[in-house]
Structure formats: structure tokens, C-alpha cells
Amino acid sequence: MGKEQFSMVSTFTHVNATTASPSFVTSAITQDIRLEVKTVMVVLAEKNGILTASVFRDSAKVRGCYSRDVYVWRGRCWQHRGKDRKKYGTPPFPPLGANHIVIESVDIYTLKPLTAEQKERLCSVITVLPQTER
């Protein structure tokens, strides 16, 4: 069998995707601070009615690269769908000139200003875990 093979990709392409700061992880996915510390950025995207969160974090296997874990919104919580086998040379970043808002201590970046309904929806998928003091 041998060593596990990794595909290298220079950047993750996201068009019109909402990006969130690492604090999204401990507000929405897990209370384990270790994942937040390793996270660089979270990309939220909706396709065909399915909301996903791509958590980009420091790779444990390839120094200087980033791994991506994908979570799917299941109506009440985020469920881990799997890990991308690719390793990324650069993480995603908020689009240049993005609108910036803060929802429940999570920095959110969008290309267009959010409507009240969009803000409410983001809040509902961010604040799903009981909050603990840090």
C-alpha cells in the first residue's frame, strides 16, 4: 500500500460564498477549542438547498498546508460529512471589499449586505451549541 497520496491545490475557489472566522467552530460545531485554534477560515455555501460549512484548518500531515473538513447543516445541528483528501497551499480568505458583520462573536464576510432574513438564518446556524466561558 505505502504512503497516503495527497493532491495539492494552490487555493480553494469560492464565488459569492460567505466566510466566517474560526470562532464559528466553537459556536456552531464543537465546544472543543482545539479545532478553533487550528482553523484558519470557514466557508459557508448553499447549493440545491443544502448548507455546508467547509472548515479550513492547519494540516496535521502536511506542514504548511491546510486541510478541509466538510459539515452539513441538518436542521438543528452540523454533522461532519467528511474530510477532503486534497491539501491546500493557501486557505480561503474574505473577498476583497467584503461586507463585515459580527454575529454572536463570529466575524462574517459577505459580498453583498445581508437582509434581515439572511442575518436571522446565519444566527440560527451559528448559535446551536451551549456557550461556555473561555
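The values are calculated or read from the model by the stated rules, or taken from the named source; none is laboratory data. Treat the numbers as computed from the prediction; the structure is a model and nothing was measured. Using ideal geometry, Cβ is built from the backbone for each residue, glycine included, and neighbour counts are taken over all protein chains shown.
I'd like the full set of residues that are buried (at least 17 other Cβ atoms within 10 Å of the Cβ), under 18 Å from LYS83 (Cα atoms) and in contact with a Pro (Cβ under 9 Å, 6 or more places away or on another chain), limited to the range 18-39.
GLU36, LYS38, THR39, listed by residue number.
Among VAL37, VAL62, VAL43, which is the only one that is in a strand (DSSP E or B) and either modelled with pLDDT under 95 or on the phi < 0 side of the Ramachandran plot (or both)?
VAL43
Can you confirm whether the range 87-95 contains a residue that is under 25 Å from LEU129 (Cα atoms) and part of a strand (DSSP E or B)?
There is no residue in the range 87-95 that is under 25 Å from LEU129 (Cα atoms) and part of a strand (DSSP E or B).
If we scan the range 73-86, do we find a residue that is more than 17 Å from the chain's Cα centre (by Cα) and surrounded by 15 or more Cβ atoms within 10 Å (Cβ to Cβ)?
no
Considering only the range 102-120, state which residues are at pLDDT 90 or above and either of a type in the set (Gly, Ala, Ser) or within 16 Å of the chain's Cα centre (by Cα) (or both).
VAL102, ILE103, SER105, VAL106, ASP107, ILE108, TYR109, THR110, ALA116
Which residues, taken from the range 46-59, are farther than 21 Å from ARG121 by Cβ and either hydroxyl-bearing (Ser, Thr, Tyr) or assigned to a helix (DSSP H, G or I) (or both)?
Passing the criteria: only SER59.
Here is a list: PRO91, PRO130. Which entry is closer than 25 Å to ASP32 by Cα, loosely packed, with under 11 Cβ neighbours inside 10 Å and at pLDDT below 90?
None of the others qualify; the one that does is PRO130.
Residues are listed down the side, and each one gets a yes or a no for (1) under 19 Å from SER27 (Cβ atoms); (2) in contact (Cβ under 8 Å) with a residue 24 or more places away in the chain:
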{"residue": "GLY89", "(1), (2)": "no, yes"}
{"residue": "PRO95", "(1), (2)": "no, yes"}
{"residue": "ALA98", "(1), (2)": "no, yes"}
{"residue": "THR110", "(1), (2)": "yes, yes"}
{"residue": "ALA116", "(1), (2)": "no, no"}
{"residue": "CYS123", "(1), (2)": "yes, no"}
{"residue": "VAL128", "(1), (2)": "yes, yes"}
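So which of ALA45, ALA53 ends up being closer than 20 Å to LYS87 by Cα, touching a Leu at 6+ places or on another chain (Cβ under 6 Å), surrounded by 15 or more Cβ atoms within 10 Å (Cβ to Cβ) and aliphatic (A, V, I, L, M)?
Only one candidate passes the filter, namely ALA53.
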